[in-house]
Amino acid sequence: MSSQRKVTEEHMTSTERLTSEMGDRLRKSAGQALKAWLESGEVKRVNGKYVGNALTVARPKKNRITPTFAVVK
């Protein structure tokens, strides 16, 4: 698999380099996790899509903040 990230400008700032390296690490670890889930059977591939409970993310409930004062026009 070729990566466009490997082709960089001659002068890359340290922030850009760090961001690129972190992205590469994240993609690598996500691929390893997906491979492990496929091997264990937690995730299956159905019609070209990955399906399984391991892929769901528990999102926190949105707390509605009630205003302490009312604006009167």
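No value in this document is a laboratory result; all are computed from the given coordinates. Model, not experiment: these values are computed from the prediction. Neighbour counts are summed over all protein chains in view; Cβ atoms, including those assigned to glycine, are modelled from backbone coordinates with ideal geometry.
Using the Cβ atoms and a cut-off under 15 Å, what net charge is assigned to the surroundings of SER29, where Lys and Arg are +1 and Asp and Glu are -1?
Numbers: positive: ARG25, ARG27, LYS28, LYS35; negative: GLU21, ASP24.
Taking every other residue near SER29 into account, the sum is +2.
In nm, to one decimal, how far is the THR19 label point from the ALA33 one, both placed 7 Å along Cα→Cβ?
2.2
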